[in-house]
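Here the structure comes first, spelled out in structure tokens, and everything after it is commentary.
The values are calculated or read from the model by the stated rules, or taken from the named source; none is laboratory data. Quick caveat: nothing in here was measured; it's all calculated off a predicted structure. Cβ sites come from the backbone with ideal geometry, for glycine too, and all protein chains shown count toward neighbours. Each accessible area value is taken on the protein alone, full model and side chains, heavy atoms only, with ligands, DNA and RNA left out. Shrake-Rupley method; radii C 1.70, N 1.55, O 1.52, S 1.80 Å.
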Amino acid sequence: MQPLQLFDPASSTYTYVLFDETTRDALIIDPVDDQLERDMATLRQYGLTLKWTLETHAHADHITSAAQLAEHAGAKTAAPKACGIETAAVQLSDGDTLTFGRETIQALHTPGHTAGSMSYLWRAHVFTGDTLLINGCGRTDFQSGSARDMHRSLTEILFKLPEQTTVWPGHDYHGRTQSTIGAEKSVNARIAGKTLEEFVALMEGLNLPKPRRIDEALPANLASGVRHDADGADTEGVRTAAGYAGDVPAALAYAWWQAGDAVLVDVRTDAEREWVGFVPGAVALAWKQWPGMAMNPHFDEGLRSAVPAHKKVVLLCRSGVRSIAAAKRATELGLQAYNILEGFEGDSDTHAHRGNKGGWRLRELPWRQG
Ligand SMILES: [Fe+2]
């Protein structure tokens, strides 16, 4: 069985789709945001259900579509634990596996290009990201890279795989598509026949230019590809309200929170956060609690301990209704309290479905599945 190999010409990035031929459950490695439509079409063409999006590392040269694929295709997001991609639902450690249908893929921690970089082993295939490239390897001079770690990952981990293992790189700039462990071990110009010291000297002498898109791509990729600069939505202002400080768009609330001016409090139930999704780092303090939606008797004390007197509090619920009640209560407690418009899931549409009309999630602010 072969993976589907897809190519993004702008960044020379390879994306891979793997699937179970019977159940049609699929997994995608290193998807690129500009190729979302192509990838969705590929899934449709092969009749696949996308179960997982997987990153080899936090990329500097393109933006991942992981968060968008989670939205559009229902996939779960997974990333190497040490890459700091906090929005990924599953944080992988060395040796961890993911399953799709009856297929299993295994994570191999191969630091060097970045400290968190991973390769993935599936059947007799290894997806090496920017660790092992065809007749090359990823650069090690920025983003927590280390030539010594790279040498160890290549010689002690990847080159210990069976020689016939197919190597599928994260990039190729010369039109090559695949190699084998045996071939790379014997002819790879960066590493074959070199001592550790020779390899380190070679890597340190490369003097490569800074990646073109790093300033834009890296922050977005640390949030599964969500771009906070997308449409300038955070320039919209505060709407005054009766009984509390005002209503704010989600993007503005997010900006205040990120700047340290406000505390973000999620007032939904534990069940909603667990089933629908949550915002990493937000204070979880239910206004009412499932079952029965009884008032949370500890709301006041919870709010007092979560919000310092000099900070604003921005309150998030499902659709921006419960959070109004919570904002009024917070105001009574002496806080400068704002309701986040549209909530996490937005308003219900004409079919009574949520998620299509506004909301934190639709506006592509960071969130994660429970
Ligand atoms: Fe990279």
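What translational diffusion coefficient, to the nearest whole µm²/s, does region 69-184 have by Stokes-Einstein, given a Kirkwood radius computed over alpha-carbon pairs, a temperature of 20 °C and 1.002 mPa s viscosity?
146 µm²/s
In square nanometres and to one decimal, what's the mean projected area of the convex hull around the Cα atoms of region 103-152?
If I average the Cα hull's projected area over directions, I get 3.5 nm².
What translational D, rounded to a whole number of µm²/s, comes out for region 123-197 from Stokes-Einstein when the hydrodynamic radius is the Kirkwood one over Cα pairs, at 10 °C and 1.306 mPa s?
128 µm²/s
P(r) for region 16-113, please, calculated from all Cα pair distances in 5 Å bins and given in %.
Histogramming region 16-113 at 5 Å steps yields 3, 14, 25, 26, 19, 10, 3, 0 percent.
Report the convex hull volume per residue for region 130-276, counting only C-alpha atoms, in Å³.
199 Å³
As a test question: what accessible area, to the nearest 10 Å², does K357 have when a 1.4 Å probe is rolled over all protein chains in place?
The accessible area comes out at roughly 100 Å².
What net charge do the residues around V267 carry, taking every other residue with its C-beta under 11 Å from that of V267, with Lys and Arg at +1 and Asp and Glu at -1?
Counting the neighbours of V267, the net charge comes to +4.
How long is region 237-311 along each principal axis, judged by its Cα atoms, biggest number first, in Å?
36, 25, 23 Å, listed from the longest principal axis down.
In a GNM of the chain with a 10 Å cut-off on Cα contacts, which of N221, N207, N135 has the highest mean-square fluctuation?
Result for the chain, Cα springs under 10 Å: N207 fluctuates most.
Of the DSSP beta bridges with both residues in the chain, give the percent that are antiparallel, rounding to the nearest 5.
Just about 50 percent of them are antiparallel.
Report, in cubic angstrom per residue, the convex hull volume of the C-alpha atoms of the chain.
160 Å³
To one decimal place, what orientation-averaged projected area in nm² is obtained for the convex hull of the Cα set of region 286-368?
Averaging across all directions leaves 6.3 nm² for the Cα convex hull.
Per residue, how much accessible surface does region 1-114 expose to a 1.4 Å probe? Answer in Å², no decimals.
On a per-residue basis, region 1-114 sits at 35 Å².
Post the alpha-carbon centroid distance, region 80-99 to region 311-368, in whole angstrom.
29 Å
Once the principal axes of the Cα atoms of region 243-285 are found, what is the range along each, listed largest first in whole angstroms?
Between the extreme Cα coordinates on each principal axis of region 243-285 lie 28, 25, 15 Å.
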